[in-house]
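Colleague: One structure coming up, written as structure tokens, with questions to follow.
The values are calculated or read from the model by the stated rules, or taken from the named source; none is laboratory data. This one's a predicted model, so the numbers in the text were calculated from it and none came from an experiment. Counting neighbours? That spans all protein chains shown, and the Cβs are built from the backbone with ideal geometry, glycine included. Each accessible area value is taken on the protein alone, full model and side chains, heavy atoms only, with ligands, DNA and RNA left out. Shrake-Rupley method; radii C 1.70, N 1.55, O 1.52, S 1.80 Å.
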Amino acid sequence: MNLTTIFFFLVFLLWRYFRESIAIKEMDEDLSEYQCMNDVFLARIKGMEREFEHYQNELNIRRLQERDEHLAWIHEVKTPLTAMKLMIEDLPREYHKALQVEWLRIHLLLDQTLHTLRLAEIEQDTMMQQINLSSVIMLEVKELQSWCLAKNLAIEVEGNEEKVLTDQKWLSFLLRQILTNAVKYSHNGDVITIRMSTDDKGHKILSIEDTGEGIAPSDLPRIFDKSFTGTTGRKQSASTGMGLYLARNAAVKLGINLTVQSSINEGSTFTLTFPTSNPYLETIAK
């Protein structure tokens, strides 16, 4: 019995040995096949990565070319626009006011388009310095003077002289978008109030308040979204929904906190809170 048991046990071991050897050999063949497939997949992925990088480079080149073409077009249009302004000034007074306002709208739209193209590379087009806030405000108010006269609007500037650390050109653009909206949606004979102040933490604060049509509560969360015109903007075909979007983006780039409070038929108040020097340096360091 012992010899018989040992014999069958040895037969069983041999059978298991051959069976497991065949299984291991098949596994090795499968692993080799999987390794080949893995190499094929890796080669395809690398090829797709190269194609994607090539396509991305082509898109970037095309985008830069289109931007340069648009910039060139804007500069070309500015030449006849300047000539038109000189011609308008020579017209009789009864035609002068209306044409001056329409000329200003075209000028503002071109300026908005120009800064839209430059906004993506604002970091390369900034020069930070201490500037007098009231002087920037007065320049923008003067720019909108003809439009304000046409609507019989008054602009009051309140507060002490304040200096802020920022880029003058982009701050002017930011204020221009907000003031343009204030003038556009104000009623004839309204007053736009601009206030300068300083809070307890040393932040310079600039608020622009109008008594115009106001913004619907449902529109407030979206007014800074791209191309959003809102309930009030839909009433005017000239609304593009880009002004406040560009203003918010410029404010973020400059480290300025831009907020708004508004009520229907009561007006809107846009508040710009400028950073102190230390938080601003942290912002640009990022």
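Colleague: Note the listed values (1) 1.40; (2) 1.01; (3) 0.95, then indicate which one is Rg/Rh (Cα atoms, Kirkwood Rh) calculated from this particular structure.
Modeller: After the calculation, the listed value that fits is (1).
Colleague: Work out from phi, with θ = phi - 60° and the Karplus expression 6.51 cos²θ - 1.76 cosθ + 1.60, the ³J(HN,Hα) of each residue of the range 155-165, listed in order in whole Hz, and give x for Gly and Pro.
Modeller: Karplus values, whole Hz, x for Gly and Pro: 10, 10, 10, 10, x, 7, 5, 10, 10, 10, 9.
Colleague: A further question on this structure: How about K201: which lysines have a C-alpha closer than 23 Å to its C-alpha, ignoring those fewer than 8 places off in the same chain?
Modeller: Partners within reach: K163, K253, K286.
Colleague: What does the helix-only formula give at 222 nm for the chain: each DSSP H stretch with n ≥ 4 adding -39500 (n - 2.57), the total divided by the residues, and the result rounded to the nearest 500 deg cm²/dmol? Please report the intermediate quantities before stating the final value.
Modeller: Working: 8 runs with 174 residues, N = 286.
That calculation yields -21000 deg cm²/dmol at 222 nm.
Colleague: Cα extents of the range 81-230 along the three principal axes, largest first, in whole Å?
Modeller: Principal-axis extents of the range 81-230 (Cα, largest first): 53, 35, 34 Å.
Colleague: Could you tell me the relative contact order of the chain? Use alpha-carbon pairs under 8 Å, at least six residues apart, and round to a whole percent.
Modeller: Working: 320 pairs, mean separation 38.2, N = 286.
Contact order relative to length: 13 percent.
Colleague: May I ask you to give the solvent-accessible area per residue for the chain, in square angstrom, as obtained with a 1.4 angstrom probe?
Modeller: Details: 18520 Å² over 286 residues.
Per residue, the chain has 65 Å² of solvent-accessible surface.
Colleague: What percent does the relative contact order of the range 51-182 come to when contacts are Cα pairs within less than 8 Å and at least six residues apart? Don't skip to the answer; put the middle values down first.
Modeller: Working: 70 pairs, mean separation 34.4, N = 132.
Rounded, it is 26 percent for the range 51-182.
Colleague: Here's something else I'd like to know. What is the magnitude of the charge dipole of the chain about its Cα centre, with +1 placed on the Cβ of each Lys and Arg, -1 on the Cβ of each Asp and Glu, and no other charges, expressed in debye to the nearest 20? Display every interim value, and only then the final one.
Modeller: Values: 31 positive and 40 negative charges, 72 e Å.
Here the chain has a charge dipole of around 340 debye.
Colleague: Something else: Solvent-accessible area of R19, probe 1.4 Å, all protein chains present, reported in Å² to the nearest ten, please.
Modeller: So the heavy atoms of R19 present about 120 Å² to solvent.
Colleague: Here is a follow-up. Can you pull the percent of the chain's accessible area that's carbon plus sulfur, 1.4 Å probe, other chains left in place? Walk me through the intermediate numbers first.
Modeller: Numbers: 10380 of 18520 Å².
The value for the chain is 56 percent carbon and sulfur by accessible area.
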